[in-house]
1. Based only on other Cβ atoms within 10 Å, what is the fewest-to-most ordering of D243, D168?
2. Please rank F135, F143, fewest neighbouring Cβ atoms within 10 Å first, as an exposure proxy.
3. How many nm separate the modelled label positions at I235 and E80, each set 7 Å beyond the Cα in the direction of the Cβ?
4. Using the beta-carbon distance between N167 and L136 and R0 = 35 Å, what value does 1/(1 + (r/R0)^6) give for FRET efficiency, to the nearest 0.05?
5. Taking 0.36 nm per residue of sequence separation and subtracting the Cα-Cα distance, how much length would be gained by fully extending the chain between D243 and F56, in nm to one decimal?
6. Work out how much length V227 to K200 would gain on full extension: take 0.36 nm times their residue separation and subtract the Cα-Cα distance, in nm to one decimal.
7. Using the count of nearby Cβ atoms within 10 Å as a rough guide to exposure, how do K147, K200 rank from fewest to most?
8. Sorted by average packing, counted as other Cβ atoms within 10 angstrom per residue and highest first, what order do 51-59, 88-96 take?
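Derivation of every value follows stated rules applied to the coordinates shown; laboratory data play no part. Small disclaimer: the values here were computed from a predicted structure and weren't measured. Positions of Cβ are generated from backbone atoms using ideal geometry, with glycine treated the same way; all protein chains shown enter the neighbour counts.
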Amino acid sequence: MLGMTGKYQAAGEAEVIAIRVPDLSMHVLFRRSRVITFAMKPCGSCEQQNPDDSLFCLRCGKAFPAEEDAGAADSLHVEEEQYWRVLIGPSKCLHFTLSSGWAWKPAWDYYRRVFQRFDSREGPRFSLTWNWAPFLLEPFLWFLYRKMYLFALVYFFGPLVSVFLTNDVSVSIVWSVIAGASANYLYYWHLKDVVLRAKKRAALDPAARLRELAEEGGIQPYVLWLVVALVLLKIGVLYALLDDLPLEEDVPLPDAEEQGDRRAF
């Protein structure tokens, strides 16, 4: 179904009929036997489609940024994206999607896709995502690996205190689930805070700022050895527990007198 129509006529030219096609970023002009299209641009406030050379929105009246302002915004966007890339570092992480399954890819590819879910026009907002690493491993080790020391401290003592108060070892699983569901959002805010603090240091030149971000971001490689040690420790504890279990032939059988006493009872 077609939308608005109108007639336009330039000096010395034949009449042109313009037909507005809904949900398309263009107008279609029918001039005699020819079809002419011209580009449209959406308003960032009300999403109204406007001619590409418009200075103001036809619906809400909001002014469009000048071309040089748009170019400056693109430059700032590229610069900030470089900051985030440096903070995350060249490390790799485990990716999982329903279409491609499991994959071992650069961490930047994963977090760039996830962080887009937290950005909105009104500002950062929480969106439920899942990170397998803090769930499968000890959560405090993942936060330590990503240099989030405060959260590493919380997830180190939190499960211990919970087990002590409840006398239930399985309560640590709840902490792992919470970490898996919130790790991406916490990491997003951690990096955002580091970028904002770096921007406030106006005295730093771009190269020095990138070096500083590289030192604050990235990963702690020694945590990988802690993970290996923890896995070996768990295997050793499990083996010791299984070794202490009595075998079937080691279980003493009740003697005849005990069986007679039980029958009499």
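1. Working: D243 7, D168 11.
Least crowded to most crowded, the residues run D243, D168.
2. Values: F135 18, F143 25.
Lowest count first: F135, F143.
3. Once both label points are built, they end up 4.6 nm from each other.
4. Numbers: r = 25 Å, r/R0 = 0.72.
Once rounded, the FRET efficiency stands at 0.90.
5. Details: separation 187, 0.36 × 187 = 67.32 nm, distance 7.80 nm.
Full extension from D243 to F56 adds 59.5 nm.
6. On the way: separation 27, 0.36 × 27 = 9.72 nm, distance 3.61 nm.
Extra length from V227 to K200 when fully extended: 6.1 nm.
7. Working: K147 18, K200 8.
Ascending Cβ contact count within 10 Å gives the list K200, K147.
8. Details: 51-59: 12.7, 88-96: 15.6.
In descending order of packing, they fall as 88-96, 51-59.
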